[in-house]
């Protein structure tokens, strides 16, 4: 589950394994090993991954099914606008992504 989540999050950011490895100051091989579940990240690295992807460690570990969106530090009007967008997507469905076309 963890390897799959790391892979999905990395791809959703549009990062190669090399690009992600650079952000974490690790090797591409380490990222590949995580995604293939050959090895597991340390607890410290799990926390760093959580921060990098802005998701909870529970989400990474498969204990939560939905990632959380952090709005910390955003102005109230921006949070309200984001909340409205989320509700619109729930009502009307998400627009097609380029991969769906």
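What to note about this one:
- Using just its DSSP H runs of length 4 or more, each adding -39500 (n - 2.57), the chain gives a mean residue ellipticity at 222 nm of -17500 deg cm²/dmol after division by all residues.
- For log10 I(q)/I(0) by the Debye sum over Cα atoms at q = 0.13, 0.19, 0.22, 0.24 Å⁻¹, the candidate list reads [x] -0.57, -1.03, -1.18, -1.27; [y] -0.49, -1.07, -1.36, -1.48; [z] -0.49, -0.89, -1.10, -1.25; the entry that matches the value derived from this model is [x].
- The overall shape of segment 2-61, judged from the alpha-carbon gyration tensor, is rounded, with an a/c ratio under 1.5.
- With Cα atoms, 0 to 90° folded angle of helix 43-53 axis to the chain main axis: 40
- Segment 1-45 versus segment 52-83: alpha-carbon centroid distance in Å: 20
Read the figures in this text as sums done on the coordinates, not as results from a lab. Because the structure is predicted, anything quoted here is derived from the model rather than measured.
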